[in-house]
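Working notes, beginning with the structure itself.
The values are calculated or read from the model by the stated rules, or taken from the named source; none is laboratory data. Keep in mind the model is a prediction, meaning the values are calculated, not measured. With ideal geometry, Cβ positions are generated from the backbone for all residues, glycine too; neighbour counts draw on all protein chains shown.
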Amino acid sequence: MKNMKKVLAVTAAVAMTAAMMPAAVFADDAETFKIGVIGPMTGDNAQYGLGVYHAAQVAAEEINANGGFNGYNVEILDAGDDQADPEKAVNAYNDLLDKGMQMLCGTVTSGSCIAVGAEAAESTFMFTPSATAVDSITAGSNEFRMCFTDPAQGTKSAQYIGEHSLATKVAVLYDSSADYNSGINDAFVAAAEENGLEIVADEAYTADSNTDFSVQLKKIKDSGAELLFLPNYYADNALILQQAHDAGMDDVKKFGVDGMDGILGVENFDTSLAEGVMLLTPFSATSEDEKSQAFVKAYEDANKDEVPNQFAADTYDVIYAMKAAADAAEITPDMSNEDISAAMSEAMLSVELDGLTGKAKWTEDGECDKEPKAFEIQDGAYVEME
């Protein structure tokens, strides 16, 4: 019987109060769902992994204060540090299983997610907030994703630019040596024509030639492009914006995707050069909507004023989507991982989440169906576009 020892230890009046409270408030260890997190907690990509881990903790604390998962507490286990390495991710997965993990929030990066997904298939429910490679969740029907895939970002960008008449003549400048950049570019170019866009320049560079873009920018300027699509990470884009300004291309609109997020924090970057830059990204910590600001405050309060990133925002939604599925499936902590996984996977197909990163639902393939959010940088802050 739940909480028998605690109930016997209190007065009748307190016991009556306790009986009316959610079971999660007083749940003991045997009555707790254990969720694992795997990602880079150290190394070059630690900001992504730590964002995921910290956001999972924030969401779990809120959920536990409001009834938990189907009336049971949720515990976020100590994170597994894979340093964005697939082999280390599998080791972390097995270690978390040994510690009682019943569901996985992760992994954070695509390579690790593919490796762990092969282990978790039809066994342990897996929900990645941020692995964008298409193959990240294809190993089993119990694998789900919160973020857009790389190709989806390209397609959604073409649709947004076309639907909002931002330009008709578009150029692209991207890193052809990186799967992320290439995947977005290829999908964008493929979707351009049907969205009323003409690709007037499709220029590439590689990781070993990412400091001088003068040749590519001259071709783009000469092409008459009205908008420059930049499906790259913010460090490269900061250099591109500086050199585009030097080349007299301030009149060309700039549009990026989630990799652009973070450009305002690049060291020694003149942020005035980002004025007017547009990007699709699921979240901005500077957004003024009530939901975003409440999350930012809770996250900063719990993490010594650390500002949450988009990985954190997607994770927050992951844990709340898990709650919705757990409540609908009426799962309990004494169920096996396999039974929890099967019940959660079925329930996810009917979940509709009005989350921090948008209104979302999921397909049988585990893909997230939601509308993208577009932001424009104005006066050094992100302003959500219509």
note = Taking the range 249-259 and keeping residues over 14 Å from the mean Cα position of the chain (by Cα) and not basic (Lys, Arg) leaves Met249, Asp250, Asp251, Val252, Phe255, Gly256
remark   = When the range 353-369 is checked residue by residue, the ones that are touching a Phe, Trp or Tyr at 6+ places or on another chain (Cβ under 9 Å) and free of Cβ contacts under 8 Å to residues at least 24 places away in the same chain are Asp369
inquiry  = Suppose the filter is assigned to a loop (DSSP other than H, G, I, E, B) and either at pLDDT 95 or above or more than 25 Å from Gln159 (Cβ to Cβ) (or both); does Glu288 pass it?
reply    = yes
ask   = If you take the residues in the range 172-193 that are of a type in the set (A, V, I, L, M, F, W, C) and touching a residue at least 60 places away in the same chain (Cβ under 8 Å), which one is surrounded by the fewest Cβ atoms within 10 Å (Cβ to Cβ)?
value = Leu173
task = Would you mind finding the one in Leu264, Leu280 that is more than 24 Å from Glu62 (Cβ to Cβ), in contact with a Pro (Cβ under 9 Å, 6 or more places away or on another chain) and not small (Gly, Ala, Ser)?
result = Leu280
query = Only one of (1) surrounded by fewer than 18 Cβ atoms within 10 Å (Cβ to Cβ); (2) out of contact with any strand residue (DSSP E or B) (no Cβ under 7 Å at 6 or more places or on another chain) fails for Val383. Which number is that?
reply = (2)
key: Selection count, the range 54-87, where residues are assigned to a helix (DSSP H, G or I) and without any contact (Cβ under 8 Å) to a residue 40 or more places away in the chain   = 2
inquiry  = For the range 258-276, which positions are assigned to a loop (DSSP other than H, G, I, E, B) and closer than 26 Å to Ala133 by Cβ?
reply    = Asp261, Gly262, Val266
note = Leu230 vs (1) of a type outside the set (S, T, N, Q); (2) more than 28 Å from Asn268 (Cα to Cα); (3) at pLDDT 95 or above: all pass except (2)
message = Test of understanding: among Gly366, Gly355, which residue is on the phi > 0 side of the Ramachandran plot and in contact with a strand residue (DSSP E or B) (Cβ under 9 Å, 6 or more places away or on another chain)?
response = Gly366
inquiry  = Going through Glu288, Glu226, Glu275 one at a time, which residue ends up being closer than 20 Å to Ala167 by Cβ, surrounded by fewer than 23 Cβ atoms within 10 Å (Cβ to Cβ) and under 27 Å from the mean Cα position of the chain (by Cα)?
reply    = Glu275
query = Before we move on, is Leu104 among the aliphatic types (A, V, I, L, M), assigned to a helix (DSSP H, G or I) and touching a residue at least 12 places away in the same chain (Cβ under 8 Å)?
reply = no
message = Go through the range 150-195 and report how many residues are charged (D, E, K, R), over 17 Å from Val134 (Cα atoms) and in contact with a helix residue (DSSP H, G or I) (Cβ under 6 Å, 6 or more places away or on another chain).
response = 1
key: Selection from the range 76-118 of residues that are of a type in the set (Asp, Glu), over 11 Å from Val37 (Cβ atoms) and touching a strand residue (DSSP E or B) at 6+ places or on another chain (Cβ under 7 Å)   = Asp95
1 or more residues over 21 Å from Lys254 (Cβ atoms): qualifying strands (runs of 3 or more DSSP E) within the range 113-231 = 125-128, 143-145
ask   = Is there any pair with a first residue in the range 237-248 that is at pLDDT 95 or above and a second that is in a helix (DSSP H, G or I) and among the small types (Gly, Ala, Ser) whose Cβ atoms are under 9 Å apart and which are 6 or more apart or on different chains, and what are they?
value = Asn237/Gly259; Asn237/Ala274; Ala238/Ala274; Leu241/Ala274; Gln243/Ser214; Asp246/Ser214; Ala247/Ser214
ask   = Restricting attention to the range 144-154, does a residue exist that is aliphatic (A, V, I, L, M), crowded, with 24+ Cβ neighbours inside 10 Å and either out of contact with any Phe, Trp or Tyr (no Cβ under 6 Å at 6 or more places or on another chain) or at pLDDT 95 or above (or both)?
value = yes
